[in-house]
Structure formats: structure tokens, C-alpha cells
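Trainee: One structure is given below, represented as C-alpha cells, and several questions about it will come after.
The values are calculated or read from the model by the stated rules, or taken from the named source; none is laboratory data. Just so you know, these numbers come straight off a predicted model, no measurement behind them. Because the Cβ atoms are built from the backbone with ideal geometry, glycine has one as well, and the counts that use them run over all protein chains shown. Note: accessible area is taken over every heavy atom of the protein model, side chains too, but ligands, DNA and RNA are not part of it. Shrake-Rupley method; radii C 1.70, N 1.55, O 1.52, S 1.80 Å.
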Amino acid sequence: MRKSSILQQAWPFIGQYLEKLLVESIAPSIRASSPHLQTLSFTKVNLGDKALKVVGVKAHTEHDKRQVLLDLYISYAGDVEINVEVKKYFCKAGVKGIQLHGKLRVILEPLIGDVPLVGAITMFFIRRPKLDINWTGLTNLLDIPGLNAMSDTMIMDAIASFLVLPNRLTVPLVADLHVAQLRSPLPRGIVRIHLLEAENLASKDNYIKGVIVGKSDPYAVLRVGTQTFTSHHVDNNLHPQWREMYEVIVHEVPGQELEVEVFDKDPDQDDFLGRVKLDLGLVKQARLLDEWFTLKDTPSGRVHLRLEWLSLLSSVDKLGQVLQRNKNLTISSKTADPPSAAILVIYLDRAQELPMKKGNKDPSPMVQLSVQDTTKESRTCYGSSNPVWEDAFTFFIQDPCSQDVDIQVKDDDRALSLGSLSVPLSRLLNSPELAMNQWFQLENSGPASRIYVSIVLRVLWLNEEASPSTPVAPTFPATAPGEGEGGVGAEVAPGGVSVSPCSANSRPQQTSPDPSFATEGVLRIHLVEARNLIAKDNFMGGMVKGKSDPYVKTRVGGVTFRSHVIKENLNPTWNEIYEVVLTQLPGQEVQFEAYDKDLDQDDFLGRFKISLRDIISTQFIDQWYTLNDVKSGQVRLVLEWLPRISDPVRLDQILLYQSQQSYQNKTTPSAALLFVYVDRAHGLPLKKSGKEPKAGVELSLKGPSHRTKVCDRSTSPQWDESFYFLVRDPKQDMLTMKISHSWGAALGSLVLPVRELLSEPGLVLDRWLGLDGALPESEILLRVVLKILDSKAVGEMAGSEEVDFLISSKEATTAANQELRHRAVPAHGAGGMTGSHKGQVKLTLSYSTEEYRLLIIVHSCRHLVACAKDGSDPYVTFILLPDKNRTTKRKTSVKKRDLNPEFNERFDFDLSLEEAGRRRLDLSVKNSVSFMSRERELIGKVQVELAELDLLTGVTQWYDLTEEAN
């Protein structure tokens with residue numbers, strides 16, 4: 001079925017949606033735009049029988065592999081009928097026929113490993129579509145005071161507020177998807193525009209009916225999407241000097257254009273002096289354009305622009321250079337406002353427990369965000385003390401070292417303050433990836449009032465080593481969209497020349513990857529064991545109950561892991577480890593399903609899901625999870641979102657830890673994550689026939705391999721693609737790259753030992769590298785980033801190797817207030833302990849201000865005394881005193897015949913920090929005995945006063961067990 005047939009069939013349902021959009025969204029926007037239109041309403045909406053047509057489609061394959069990006073060239077000449085009424089002026093008007101032509105960008109993301117394969121659809125017009133409306137009763141509408149300049153422009157402005165960049169229409173297709181970051185992702189980059197001068201402009205100020213030719217009073221209007229800037233006008237000059245600078249946010253390249261229009265300032269109506277358009281994708285490719293551009297639609301005139309592409313950096317390494325460069329730029333160009341050193345993107349998510357208004361009424365909160373003199377406002381959430389905004393805001397930052405972001409939560413009347421927050425941007429400079437994503441406690445608000453905000457800072461970097469490109473003379477496309485070969489819209493560059501995404505006209509000295517490059521993380525999953533699984537292998541019609549042969553399937557990010565099968569065991573131990581590289585996308589889950597292996601069909605033993613967001617926020621989880629949809633069963637997992645560091649000194653400890661681990665599935669934990677951005681090549685050899693090659697790159701590291709796309713014929717192809725590899729041993733592994741013609745004849749190769757990155761600043765290599773087996777001038781431009789994967793377990797191992805600290809129960813009461821002298825525990829046995837010691841227990845006691853919970857982790861015990869000849873079956877039980885109703889009593893699992901048991905069980909308590917400080921931990925280690933047993937039950941006890949610990953920092957230490965609590 002063709003595209004037109006599908007749209008024709010779906011057209012009535014699209015009409016229902018658009019009617020809802022006009023009545024519920026666009027009409028309120030129009031009413032709010034003018035006091036004269038406060039009574040406007042749509043009385044009839046009928047899209048007719050003629051459906052919208054898609055006359056061309058272009059798929060962009062050279063960008064992010066985690067999304068599908070399409071450009072749809074749409075054409076609509078419909079028999080639509082829409083009636084509008086403005087009751088205040090007894091005015092009725094209507095529309096009979098609309099023509100709409102433009103390029104609609106459709107993004108399918110995130111790509112997921114389950115039906116429907118795509119998490120959401122995002123749509124927007126990169127620039128305003130052409131709109132022609134056939135009005136009825138237009139004269140009646142224009143009789144309304146103040147509306148003589150309105151008509152289709154007003155309607156178009158309302159549509160633009162919903163569908164023209166930077167605004168996006170996002171339709172989620174799966175549940176629990178946070179669409180805020182899809183509606184407002186990080187920009188592709190920033191373009192700094194220097195409007196320098198113009199020459200030979202047309203003369204418009206003529207006198208005595210043109211007998212005396214005068215000059216013009218020119219000024220320029222610059223537009224990128226909805227961002228508009230107007231220069232000052234220069235009196236009586238055909239060669240004006242403006243020397244002004246502007247900074248614009250670029251959301252989509254290729255596609256977004258810079259449009260410059262020049263006008264002659266007049267008292268009545270300004271005269272048009274010409275225009276120029278330029279695709280900002282060319283600025284990104286050249287990095288720096290300093291050119292004279294010929295004005296179109298005018299007899300003469302040129303305008304001089306300097307255009308700079310500013311990449312977004314997620315580190316502060318170059319911030320000092322940026323600040324000094326901007327200071328010099330301000331002095332030399334006499335710019336009124338200093339250039340920006342960074343941008344700040346704030347995702348305003350939600351708030352909780354905001355204070356009530358007078359009369360115990362729910363507030364209608366909105367948020368004002370301010371950076372220096374710039375203030376932006378969120379939408380209002382009516383009648384809620386737990387509002388959800390999901391709004392995004394972008395600010396230009398001159399100096400992140402000295403500026404703050406102020407957040408004011410107010411009622412919708414702007415008079416009543418519901419809370420405030422001030423965050424110095426200097427805090428972001430010390431945060432990983434220059435980002436903070438967390439709950440913040442509101443000041444001057446309720447005791448539990450808090451707000452969840454994601455704050456991202458990106459340093460703006462201009463690569464001045466890139467040489468300016470050759471002059472470009474922009475013109476309009478020679479063919480209409482959709483008239484390219486095969487009905488597919490050809491991408492037309494300024495100058496009317498079709499630009500290949502693999503061509504390279506200049507040789508930058510460094511790469512400029514997408515801001516999302518090297519942002520992935522690694523999830524490590526340790527499937528430990530299970531207990532109390534249900535028995536599925538029954539015999540003799542169920543009269544004799546057997547056991548099960550369990551295994552577990554783990555699914556995350558489109559990848560499935562399957563454990564080995566353990567025969568006839570309801571309490572199996574798998575001890576398998578899996579690792580998967582993931583992008584931090586909203587709504588992702590890790591799914592676990594347990595099965596009983598059978599000859600015919602495997603029986604279901606239960607399932608559960610864990611939110612990836614929860615794992616990332618806690619970093620490390622060691623917990624028993626209850627299986628759902630079955631009567632019994634639990635699975636123990638150790639989940640870790642591995643911290644990424646750039647400290648090569650830590651690597652030796654990580655490799656030592658790896659060598660000491662052994663897993664059933666013979667997997668060695670990864671020590672690092674290697675990111676490779678393949679930018680372009682230069683000077684590749686020709687084929688034997690003398691033709692230019694179609695080059696592709698194959699990358700491999702041990703087993704895994706990846707391939708780039710194959711570029712069109714060129715000796716200087718450009719790929720602009722990124723890949724990643726898990727690295728087991730950075731000191732031994734090698735990255736191999738082979739360039740070939742259509743995966744056949746070799747064009748060159750490169751072998752890069754990963755260990756060479758360990759001596760690079762920040763573990764980053766970004767430069768041209770020579771190719772082996774090619775011409776002397778053959779090179780490839782790469783950016784290779786090594787991120788070492790740290791682990792909490794490595795830190796614990798390193799700490800225990802230096803010294804095992806023993807803090808007695810008496811010392812523990814003053815541990816938070818004074819520096820202790822720790823005494824070392826003997827390495828073997830319990831020698832050195834007094835007779836009253838019954839062993840030790842290792843605990844973590846901390847308070848989470850994000851979750852408003854007291855956290856207690858029982859890690860392990862050591863040197864426990866035996867309660868019987870064959871040892872003890874220890875477990876830990878505790879209570880937070882005072883507790884009359886014993887609601888805080890908790891108990892760990894039982895470890896069979898183990899005097900050095902490992903528990904690693906976490907317990908949470910919903911207590912305020914003040915209340916937690918009033919509690920005393922009363923803990924006992926006991927031996928699990930039967931009712932009739934004569935074995936001793938109590939092994940040892942300890943009591944800890946929580947008021948004497950720094951719970952906000954958290955304390956992890958060993959405590960002595962005694963016969964009686966201190």
C-alpha cells in the first residue's frame with residue numbers, strides 16, 4: 001500500500017485529532033495572544049476528503065544510531081472548512097481551503113528491545129511551512145479593532161508555538177516514559193554570528209520622484225527558527241558597519257537555516273534590501289565561516305558574516321581558555337554583551353509536598369528561573385501541592401565560576417512564594433559530566449518540600465584550528481522538495497549543489513562529535529542465587545513432588561542473557577555476571593524471568609522488573625527480589641551502575657580485583673569502556689582502475705567488531721560515526737581499524753594499543769593518525785576516549801588490604817565527632833580480642849536526603865563463635881529504639897554453617913533526619929535453632945547511638961559483638 005493510500009484511509013481519524021488540537025490547544029493560545037480575541041472559538045472543524053500527501057522522504061543515516069530520523073516533505077491542498085466566531089464583536093468568519101507545504105522532521109526514539117520497538121514519536125517543522133488560507137468573511141474579522149494586521153499570520157504563530165523548533169510534539173508509545181528530555185534535548189551546538197558589514201546596498205531613499213537618488217538607512221534582521229535578532233540601523237549609508245554579535249541555539253543539523261534580511265528604515269514602511277539563507281549544517285562542517293554573501297531578490301548588495309560553530313563540552317578542561325578568549329573578543333569588538341562561555345540547560349521535573357495556601361487550599365504552582373538578568377517561567381499546574389511540569393529552559397552563561405541559578409516556586413498570582421532554591425554554577429564544575437540530577441530541598445517552604453531538577457552545563461568551545469572554507473554563494477534549491485530521484489527529497493546545499501554527507505572540503509585538526517558521544521554507561525549484573533522457588537517437576541500425577549531445574553533470563557536494552565540450568569534445586573546458586581552498555585534514557589527497565597527447564601515446554605517460575613533509573617540513582621544494589629505471579633521465590637542480585645573515571649592510577653587495583661574473581665559463566669569483568677569517534681580520512685589511495693574508492697571502516701577489539709557506513713566515491717571520505725567497546729585489560733588489548741573499498745580491497749589499516757591512551761591527558765586522543773599499507777599522506781581523524789570502570793567492590797578490597805579497622809562499641813559513640821585512632825585487627829583468627837568479644841559485624845549507617853530515609857546495610861560478620869560442634873547458622877536481627885510497637889524490627893537471611901557470613905542486605909526506614917538522630921540501634925547476631933534444640937541462640941550484641949554518627953556522610957565500619965550490649 002502506498003503512502004498516499006495509507007494517509008487517505010487514516011484521514012478521518014487525523015481530522016478528529018486536529019479538531020481536538022484546534023479547539024483545546026490552538027484556540028486558547030489565540031485567545032491569550034490578544035484582548036480582542038478573548039471570545040474567539042472554532043464552531044466548525046471539517047478537514048474534508050482530500051488527504052495530506054507525502055511527496056518526498058529523506059532518511060538521515062549519518063547521525064545518532066539510537067534514533068531513526070526522517071524528513072517528510074508534505075503537501076496539502078485540502079477542501080477544509082473551519083468556521084470561527086468572535087462573540088464580543090458578533091463576528092463570524094471562516095476558512096474554505098488550506099494549502100500547506102513544508103518539511104516535517106520525524107524522530108523515532110528511544111529505540112527499545114520490545115514491541116513497539118520505539119518509545120516515542122517526535123514531530124516538528126524545522127522552519128515555518130508555507131501556509132495559504134482561503135478566508136470567508138475576512139473583512140468582518142478585520143473590522144475588529146487592532147486586527148487589521150492579523151489573519152493567517154495569527155493562526156500561523158499559534159501553530160508555530162506547537163510545532164516549529166525549538167518546540168516539538170512528542171507522542172509517547174510506551175508507559176512510564178519521561179518525555180521532557182525528548183521534547184527538549186540538548187542542542188546540537190551553538191552558532192555565534194558576527195554581523196560585520198554590508199556593501200553596495202540598493203538605494204531606497206529617493207527624492208523628487210526619483211530625480212535625486214539618495215541612500216538608505218539599513219538594518220538587518222537575523223532569524224534561526226523562532227530566534228530573531230534586529231541590528232541597529234545606520235543612517236544614510238550604502239556600506240554600513242554594524243559589528244554586532246549574536247548567539248543562537250541550533251537544535252537540528254542539517255535542516256535549520258540562518259536567514260538574514262536587510263531593510264531600509266523608513267518612517268512609514270521599511271523597504272526590502274535583500275536576503276540570504278544558509279544551512280547551519282555547513283557551519284558545523286566548516287567550524288568557521290568568514291565570508292561575503294550575495295543578497296538575493298535585490299539588484300545589488302553583499303553582507304559580510306563571520307559564523308562560528310561552538311561545540312558543547314562536558315568537561316572544564318578548556319574553560320579557562322574560553323574565558324580568556326571571550327575577554328579578548330569583548331575588548332576587540334566592543335560588544336555590548338560579553339560572549340557566552342557556556343550554556344545551562346535546566347529540566348524542571350516536579351515538586352513534592354509544597355505548602356498549602358490559606359484555608360488549607362492546594363496551590364497552583366509555577367516556577368521562575370533566573371540567571372543574572374534573564375528570567376524564564378514555567379507553565380502553571382493548577383490545584384496541586386505535588387506539581388509535575390516537565391519543562392526545559394536554556395540560558396547563556398558568561399562565567400559559570402561566578403554565576404548562580406535562582407529558582408522561585410510561586411503561586412499563579414506571582415505574589416505568594418512557595419519556596420526557593422539557589423544553586424551556584426560552580427557546584428556543577430565539580431560534578432561528573434557537569435550535570436546534577438537530583439532532589440533539592442526548598443528553602444522558606446514546608447519541612448518536606450522539595451523539587452526535582454536536572455541541571456546540565458556545557459562549555460562552548462570554538463575549534464580555531466579549523467581553516468575557513470572557500471566562499472559559499474547561497475541560493476535557493478533548484479528543485480522543489482520531493483522532485484529528486486525516485487520521489488525522495490534530495491538534500492540541497494546553498495549554491496544549488498547536492499552535498500554528500502561523506503564529502504570533506506576542509507581538514508579540521510580535531511573532531512567535533514555529537515554532544516551525546518561518550519555519554520553511555522555500563523550496568524553490571526551479578527546473578528547470585530535464588531531461594532524458595534516453586535517445584536514444577538511433579539511425578540505420579542502430582543502425588544510425588546519433585547523440584548525444579550531453574551534458569552534465569554535477563555533482558556535490558558535489547559540484549560538478553562540466559563543463565564545456565566541448575567538441576568533439581570529450589571535454592572540454586574548461579575554466580576554469573578553480565579555487562580551491558582546503556583544510554584541513560586527514560587523509562588528503561590531490567591527484566592528478569594525464571595523458568596524450570598523441561599524437555600517439552602519450560603515452566604514459568606516468576607518475574608520481576610527493576611527501573612534502570614533506580615539503579616543509576618543508587619549506583620550499587622545488593623538485594624533479594626521477590627518473584628511476581630507465583631506463590632513463592634526470591635532472587636538475589638548485585639546490580640552496579642559503574643562509575644566512569646579518568647584516573648589511570650586506579651587501574652592496577654581494578655585489574656587486581658578482576659584477577660581474584662571467578663564466575664560460573666567464565667566472564668571477566670570489564671576494566672574500561674572505550675569510545676571511538678570516526679570522523680574522516682584524507683588522501684586514501686585510488687583503486688587500480690583509477691577511480692576513487694567507496695570507503696568503509698571496520699573496527700575490532702578482540703572479539704567484537706563494528707562497521708561504519710560505506711561512503712560515496714572519495715579519497716577524503718567523512719563518516720561521522722561513533723562506537724564503543726568493553727575493554728577487559730587496557731594494558732594488553734588492541735584496537736584494530738581496517739579501511740577497505742566496499743569491504744573488499746584494502747585501503748589502509750591502523751593498530752592502536754589501548755595502553756597508549758593511559759598517557760594521554762584525560763585519557764583522550766583526538767588527532768590525525770597515519771595509516772599503514774596506504775599512501776604516505778593517508779591519514780584518519782579519530783577521537784578515542786577511555787573511561788576506566790570503577791566499582792564499589794574494588795574500593796572495599798583496596799581498603800581492606802591497607803588495614804582492617806576495628807572500632808569498638810564504646811568508640812563508635814564518638815566516631816562522628818572526633819578523629820579516632822583505629823587499632824588493627826590480627827590477620828588470622830580472633831587473637832588479640834578479649835574474652836568478652838564474640839566476633840564483629842560490619843554495618844553501613846547513613847541518611848539519604850534524596851529519599852528522606854535512614855539506610856542500614858548489614859554487610860557481614862567475621863570471627864563468630866561456634867554454637868555447636870559443626871559451627872553456627874547465623875543471622876542478624878535489630879530494632880531502632882525506642883519503638884513501642886516494634887515496627888522497626890528487621891531480620892536478615894540465615895547463613896548455614898558459616899562463622900564469617902556475607903549478608904549485604906539493605907533496610908530502609910521512612911524517618912526524618914531529626915527523628916533518626918533520636919534512635920538507638922539495638923542489634924543482635926543469633927544462631928538459628930529449632931524449638932527443641934539445646935544450642936545457644938545468642939552469639940553477640942551491639943548498640944549504636946545514631947545521634948553520635950554523621951549520618952549525612954555515612955559511616956561504614958566493624959563493630960565488636962559482646963555478650964551484653966553496651
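Trainee: Name the one entry in Ser300, Ser340, Ser311, Ser315 that is over 30 Å from Ser426 (Cβ atoms) and either surrounded by 17 or more Cβ atoms within 10 Å (Cβ to Cβ) or in contact (Cβ under 8 Å) with a residue 40 or more places away in the chain (or both). Full working, then the answer.
Mentor: Numbers: Ser340 fails: over 30 Å from Ser426 (Cβ atoms); Ser311 fails: over 30 Å from Ser426 (Cβ atoms); Ser315 fails: over 30 Å from Ser426 (Cβ atoms).
Exactly one of Ser300, Ser340, Ser311, Ser315 is over 30 Å from Ser426 (Cβ atoms) and either surrounded by 17 or more Cβ atoms within 10 Å (Cβ to Cβ) or in contact (Cβ under 8 Å) with a residue 40 or more places away in the chain (or both), namely Ser300.
Trainee: Still on this model: Considering segment 388-422 alone, what residues qualify as being assigned to a loop (DSSP other than H, G, I, E, B) and of a type in the set (D, E, K, R)?
Mentor: Taking segment 388-422 and keeping what is assigned to a loop (DSSP other than H, G, I, E, B), we get 398-403, 412-416.
Asp399, Asp412, Asp413, Arg414 - these are the residues of segment 388-422 that are assigned to a loop (DSSP other than H, G, I, E, B) and of a type in the set (D, E, K, R).
Trainee: Among the numbered criteria (1) open to solvent by 20 Å² or more (accessible area, probe 1.4 Å); (2) of a type in the set (S, T, N, Q); (3) on the phi < 0 side of the Ramachandran plot, which one does Asn904 miss?
Mentor: Asn904 satisfies all of (1) open to solvent by 20 Å² or more (accessible area, probe 1.4 Å); (2) of a type in the set (S, T, N, Q); (3) on the phi < 0 side of the Ramachandran plot except (3).
Rundown of residues vs (1) within 33 Å of the chain's Cα centre (by Cα); (2) within 26 Å of Arg906 (Cα to Cα); (3) open to solvent by less than 40 Å² (accessible area, probe 1.4 Å), yes/no style:
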position	(1), (2), (3)
Arg613	yes, yes, no
Tyr625	yes, yes, yes
Arg636	yes, yes, yes
Ile654	yes, yes, yes
Ser662	no, yes, no
Asn665	yes, no, no
Ala672	yes, no, yes
Ala681	yes, no, yes
Pro685	no, no, yes
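Trainee: Continuing with this model, one more query. Identify, from the list Arg275, Arg223, Arg243, the residue that is over 30 Å from Leu182 (Cβ atoms), in contact (Cβ under 8 Å) with a residue 24 or more places away in the chain and not hydrophobic (A, V, I, L, M, F, W, C). Full working, then the answer.
Mentor: Numbers: Arg275 fails: in contact (Cβ under 8 Å) with a residue 24 or more places away in the chain; Arg223 fails: over 30 Å from Leu182 (Cβ atoms).
Result of the check over Arg275, Arg223, Arg243: Arg243.
Trainee: List, please: which pairs have Cβ atoms under 8 Å, are six or more places apart or on different chains, and start with a residue in segment 352-363 that is among the acidic types (Asp, Glu) and end with one that is open to solvent by 70 Å² or more (accessible area, probe 1.4 Å)?
Mentor: Going by the 8 Å Cβ cut-off, the qualifying pairs are Glu353/Asn386; Asp362/Met356.
Trainee: Next up: In the set Thr394, Thr380, Thr375, which member is at negative phi, among the hydroxyl-bearing types (Ser, Thr, Tyr) and open to solvent by 70 Å² or more (accessible area, probe 1.4 Å)?
Mentor: Thr375
Trainee: Among the candidates Ala745, Ala774, which residue alone is out of contact with any Cys (no Cβ under 6 Å at 6 or more places or on another chain), at pLDDT below 90 and surrounded by 13 or more Cβ atoms within 10 Å (Cβ to Cβ)?
Mentor: Working: Ala745 fails: surrounded by 13 or more Cβ atoms within 10 Å (Cβ to Cβ).
Only one candidate passes the filter, namely Ala774.
Trainee: Would you say Ser385 is assigned to a loop (DSSP other than H, G, I, E, B) and surrounded by 15 or more Cβ atoms within 10 Å (Cβ to Cβ)? Outline the logic, then answer.
Mentor: Values: assigned to a loop (DSSP other than H, G, I, E, B): yes; surrounded by 15 or more Cβ atoms within 10 Å (Cβ to Cβ): yes.
Here the answer is yes, as Ser385 does meet what is asked.
Trainee: Let me ask another. Is it the case that some residue within segment 603-613 is assigned to a loop (DSSP other than H, G, I, E, B), under 25 Å from Val858 (Cβ atoms) and not β-branched (Val, Ile, Thr)?
Mentor: No.
Trainee: On to the next question. If you take the residues of segment 878-901 that are of a type in the set (Val, Ile, Thr) and open to solvent by 20 Å² or more (accessible area, probe 1.4 Å), which of them is nearest to Arg853 (Cα to Cα)?
Mentor: Going residue by residue through segment 878-901, those that are of a type in the set (Val, Ile, Thr) are 879, 887-888, 892, 894.
Add one more test, that the residue is open to solvent by 20 Å² or more (accessible area, probe 1.4 Å), and what stays is 887, 894.
On the way: Thr887: 15, Val894: 26 Å.
Per the criteria, the residue is Thr887.
Trainee: Right, something else. Quick one: which strands (runs of 3 or more DSSP E) sit completely within segment 1-110 and have at least 1 residues that are at pLDDT 75 or above, of a type in the set (Lys, Arg) and buried (at least 17 other Cβ atoms within 10 Å of the Cβ)?
Mentor: 53-60
Trainee: Could you check, for segment 337-350, whether at least one of its residues is more than 27 Å from the chain's Cα centre (by Cα) and either aromatic (Phe, Trp, Tyr) or not in a strand (DSSP E or B) (or both)?
Mentor: In the first step, residues of segment 337-350 are kept if they are more than 27 Å from the chain's Cα centre (by Cα); the result is 337-338.
Cutting the leftovers down to either aromatic (Phe, Trp, Tyr) or not in a strand (DSSP E or B) (or both) gives us 337-338.
Yes, segment 337-350 contains at least one residue that is more than 27 Å from the chain's Cα centre (by Cα) and either aromatic (Phe, Trp, Tyr) or not in a strand (DSSP E or B) (or both).
Trainee: Looking at segment 747-779 only, could you name the residues that are more than 29 Å from the chain's Cα centre (by Cα) and hydrophobic (A, V, I, L, M, F, W, C)?
Mentor: Listed by number, the residues that qualify are Leu747, Leu750, Val751, Leu752, Trp768, Leu769, Leu771, Ala774, Leu775.
Trainee: Just checking, does segment 145-160 include any residue being part of a helix (DSSP H, G or I), among the charged types (D, E, K, R), modelled with pLDDT under 75 and open to solvent by less than 60 Å² (accessible area, probe 1.4 Å)? Steps first, answer last, please.
Mentor: Within segment 145-160, the subset part of a helix (DSSP H, G or I) is 152-160.
Pick out the ones that are also among the charged types (D, E, K, R) and you get 152, 157.
When the remaining residues are screened for being modelled with pLDDT under 75, the result is 152, 157.
Cutting the leftovers down to open to solvent by less than 60 Å² (accessible area, probe 1.4 Å) gives us 152.
Checked segment 145-160: at least one residue is part of a helix (DSSP H, G or I), among the charged types (D, E, K, R), modelled with pLDDT under 75 and open to solvent by less than 60 Å² (accessible area, probe 1.4 Å).
Trainee: Residue check: is Leu642 touching a residue at least 24 places away in the same chain (Cβ under 8 Å), under 30 Å from Asn430 (Cα atoms) and open to solvent by less than 50 Å² (accessible area, probe 1.4 Å)? Steps first, answer last, please.
Mentor: Numbers: touching a residue at least 24 places away in the same chain (Cβ under 8 Å): yes; under 30 Å from Asn430 (Cα atoms): yes; open to solvent by less than 50 Å² (accessible area, probe 1.4 Å): yes.
It is true that Leu642 is touching a residue at least 24 places away in the same chain (Cβ under 8 Å), under 30 Å from Asn430 (Cα atoms) and open to solvent by less than 50 Å² (accessible area, probe 1.4 Å).
Trainee: While we're looking at this one, here's another question. Please specify each residue of segment 402-439 satisfying the condition of being open to solvent by 20 Å² or more (accessible area, probe 1.4 Å) and over 24 Å from the mean Cα position of the chain (by Cα).
Mentor: Hits for segment 402-439 are Ser402, Gln408, Lys410, Asp412, Asp413, Arg414, Ala415, Leu416, Ser417.
Trainee: Then there's this: Of the conditions (1) open to solvent by 40 Å² or more (accessible area, probe 1.4 Å); (2) touching a Leu at 6+ places or on another chain (Cβ under 7 Å), Pro730 fails just one. Which one is it?
Mentor: That leaves (1) as the condition not met.
Trainee: Of the residues Leu258, Leu282, which is within 33 Å of the chain's Cα centre (by Cα) and open to solvent by less than 10 Å² (accessible area, probe 1.4 Å)?
Mentor: Sole residue among the options that is within 33 Å of the chain's Cα centre (by Cα) and open to solvent by less than 10 Å² (accessible area, probe 1.4 Å): Leu258.
Trainee: State which residue is modelled with the highest pLDDT when the search covers only segment 315-332 and only residues that are assigned to a helix (DSSP H, G or I) and of a type in the set (Lys, Arg). Write out each step before concluding.
Mentor: Going through segment 315-332, the residues assigned to a helix (DSSP H, G or I) turn out to be 319-332.
Adding the requirement that they be of a type in the set (Lys, Arg) leaves 325, 327.
Working: Arg325: 85, Lys327: 80.
Filtering segment 315-332 for residues that are assigned to a helix (DSSP H, G or I) and of a type in the set (Lys, Arg), the one modelled with the highest pLDDT comes out as Arg325.
Trainee: Quick one: is Tyr847 modelled with pLDDT of 85 or more, closer than 30 Å to Asp910 by Cα and surrounded by 14 or more Cβ atoms within 10 Å (Cβ to Cβ)? I'd like the intermediate steps shown before the answer.
Mentor: Numbers: modelled with pLDDT of 85 or more: yes; closer than 30 Å to Asp910 by Cα: yes; surrounded by 14 or more Cβ atoms within 10 Å (Cβ to Cβ): yes.
Yes.
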